[in-house]
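Before any comments, here is the structure.
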Amino acid sequence: MIPLVILWLFGRLNGILELIMVAYKDYKFIALVCCWALVTLVSGGCGGSVLSRRIALSDLDNRSPTVRIRAIKWAGENRIEAAVPKLVDSLEDEDASVRFYAIEGLRRITGADNGYDYKASAQRRAASVDHWREFLKTKEWHSNGR
């Protein structure tokens with residue numbers, strides 16, 4: 001799907017460049033227009049960025065740490081309680097950045113961190129994750145007024 005979109009965008013951009021070349025014959029101007037067009041397309045100026053996509057809870061299970069982090073940040077910022085079990089699972093992620101954003105998201109949603117340290121050894125993190133799982137069973141975090 002993405003290659004087709006890129007080809008479509010390139011075709012549109014190529015057509016625009018041909019018109020500009022015929023009209024102006026000034027290559028410096030064309031270079032500036034090309035840069036402007038590419039920046040506009042990528043930044044979303046023409047109906048949305050090619051790189052953007054909707055965030056969903058299923059992104060918490062994505063193979064890409066970047067996608068997982070984006071989903072974790074979204075869940076935390078929007079205080080999505082349904083994401084809490086997945087965020088607890090993310091505390092065990094091999095990527096330290098994912099663990100960092102997971103605990104930050106959990107703090108925002110539940111108001112607690114339960115002593116978790118994303119930089120701690122795997123053994124200490126595992127003990128803390130067990131504590132988190134017990135904490136979730138109590139449902140106390142639902143009544144914290146958030």
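Readers should treat all values here as calculations from the given coordinates under stated rules, not as data from a laboratory. These numbers come from a predicted model, not from an experiment. Methodologically, a virtual Cβ is constructed for each residue, glycine included, from the backbone with ideal geometry; neighbour enumeration extends over all protein chains shown.
For this structure, a couple of remarks:
- Selection from the range 114-123 of residues that are surrounded by fewer than 15 Cβ atoms within 10 Å (Cβ to Cβ) and hydroxyl-bearing (Ser, Thr, Tyr): Ser121
- Search result, residues across the range 68-116 that are out of contact with any Lys or Arg (no Cβ under 9 Å at 6 or more places or on another chain) and basic (Lys, Arg): Arg68, Arg70, Lys73, Lys86, Arg107
- Among the residues of the range 63-113, those that are surrounded by 15 or more Cβ atoms within 10 Å (Cβ to Cβ), assigned to a helix (DSSP H, G or I) and of a type in the set (Val, Ile, Thr) comprise Val67, Ile69, Ile72, Val84, Val88, Val98, Ile103, Ile109, Thr110.
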